[in-house]
Amino acid sequence: MLIVDAAWTEWLNTNAGLGCTPESMVDAMVKSGFDVDYAGVQVKMAINRHKGRTDAPAEAEAAAGQISAEYVYDAIPVASGNVIRAYDRDVQVLMRVEQPQVIVFGNVLSPEECSELIERSRSKLKRSGTVNPETGGTDIIPARTSEGTWFKRCEDAFIERIDKRIASLMNWPLENGEGLQILHYKVGGEYRAHYDYFDPNTKGSAVHIQRGGQRVATLVVYLNDVPDGGETTFPEAGITVGGRQGNAVYFRYMNDQRQLDPLSLHGGAPVREGEKWVMTKWVREHRRDV
Ligand SMILES: O=C(O)CCC(=O)C(=O)O
Ligand SMILES: [Fe+2]
């Protein structure tokens, strides 16, 4: 599997700067042996970098970390063992992957908690967006066709219990977490391959990084059983996680040296039958005020 190194980054930046079409760039990369999904994401990121380039790249880079083909897999914060006591609940460890760092958990939420989260979200759903590279605002794009809503961190006793359980499971300070995001995908709904970290060196990312720093890890909790499709996939790692109510997938993509892991590319596959509800927790390097 071929990963973008410094020379390819320069090639991407140069061609994006010259205004080459994304198709021609993807084509050239595929001919050189890159996976087509991966190439598509890299080209999109290069074009975004060009559009959203900042006047202070060194500073932005320092704040945002560095995507590295030589990512070092240092110690994961999550506890060892097959069962982890997470605040008020015993969570099972179903699978651990070392590179990229991915863990599948069972029994993170009870069926009642899943139902309550779904019912409390239903009437609040709005089409999900992604970060605009120039402004940091929200773009609605065809690659992300879910609808979603947020609960503020610890906004009431029920949410607080879940936030505390997740902080304990991820072994990461509660104050570093973003709110809890609920996502709903209908048949055909998907979130194509992407990175959860903010793309270093774009103005749009800098807006977000200012508040709490870079994202370091994600927990996606499945709130229902999806009859067909809707898996969380890691195309560069060849991993597919099927959603099951109460289970979760954790992945970490920023290490202690502030490198960002290109293998953490992931997406939500299209739902083929039924619907898919998940809850996402994105955690930051630093504390983040709500
Ligand atoms: O829906 C999924 O399976 C993945 C969601 C995701 O990648 C995200 O919310 O960042
Ligand atoms: Fe994601």
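Readers should treat all values here as calculations from the given coordinates under stated rules, not as data from a laboratory. No experiment lies behind these values; they were computed from the predicted model shown. Because the Cβ atoms are built from the backbone with ideal geometry, glycine has one as well, and the counts that use them run over all protein chains shown.
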If every alpha-carbon in region 1-106 counts as one equal scatterer, what log10 I(q)/I(0) does Debye give at q = 0.13, 0.22 1/Å?
-0.68, -1.14
Cross-link table 124/164; 51/152; 186/281, entries beyond 29 Å C-alpha to C-alpha
51/152
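When the helices in the chain are scored as -39500 (n - 2.57) per DSSP H run of 4 or longer and the sum is shared across all residues, what 222 nm value do you end up with, to the nearest 500 deg cm²/dmol?
Details: 7 runs with 78 residues, N = 290.
That calculation yields -8000 deg cm²/dmol at 222 nm.
Sort 143-153, 119-129 by packing, meaning the average of other beta carbons within 10 Å per residue, with the highest value first.
Taking the mean over residues of other Cβ atoms within 10 Å, the ranking is 143-153, 119-129.
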Going toward the positive end of the dipole of region 6-51, with +1 on Lys and Arg Cβ and -1 on Asp and Glu Cβ, which of 36, 8, 46 do you reach last?
46
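What does the convex hull of the Cα atoms of region 161-225 come to per residue, in Å³, rounded to a whole number? The partial results should precede the final answer.
Numbers: hull volume 8.0 nm³, N = 65.
Cα-based convex hull of region 161-225, divided per residue, equals 122 Å³.
Assigning unit charges at the beta carbon (Lys, Arg +1; Asp, Glu -1) and nothing else, what dipole magnitude in debye, to the nearest 20, does region 42-152 show about its Cα centre? Each step should come with its number before you reach the end.
Values: 14 positive and 15 negative charges, 96 e Å.
Computed about the Cα centre, the dipole is about 460 debye.
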Between 154, 167, 222, whose Cα lies farthest towards the positive end of the dipole of the chain when Lys and Arg beta carbons carry +1 and Asp and Glu beta carbons carry -1, centred on the Cα centre?
154
Please state, to two decimals, what the Cα-based radius of gyration of the chain comes to when divided by 2.2 N^0.38 Å (N = residues).
0.97
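Shape call for region 34-159 from the C-alpha gyration tensor, a ≥ b ≥ c root eigenvalues: rounded (a/c under 1.5), prolate (a/b greater than b/c) or oblate?
Details: a/c = 2.06, a/b = 1.32, b/c = 1.56.
Judged from the Cα gyration tensor, region 34-159 comes out oblate (a/c at least 1.5, b/c at or above a/b).
For the chain, give the magnitude of the charge dipole about the Cα centre (Cβ charges: +1 Lys/Arg, -1 Asp/Glu; no others), in debye to the nearest 20.
580 debye
When Rg is the radius of gyration of the Cα atoms in region 109-169 and Rh is its Kirkwood radius, what does Rg/Rh come to?
Values: Rg = 14.4 Å, Rh = 13.6 Å.
Over the Cα atoms of region 109-169, Rg/Rh equals 1.06.
Taking a temperature of 10 °C and a viscosity of 1.306 mPa s, what whole-number D in µm²/s does Stokes-Einstein yield for region 6-51 with Rh from Kirkwood over alpha carbon pairs?
On the way: Rh = 10.1 Å.
Diffusion coefficient, whole number: 157 µm²/s.
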Sequence order, region 38-46: Karplus ³J(HN,Hα) from phi using 6.51 cos²θ - 1.76 cosθ + 1.60, θ = phi - 60°, Hz rounded, Gly and Pro as x, gives 4, 4, x, 5, 5, 5, 4, 5, 5
In terms of the Cα gyration tensor, with a ≥ b ≥ c the square roots of its eigenvalues, is region 125-254 rounded because a/c is under 1.5, prolate because a/b exceeds b/c, or oblate?
rounded
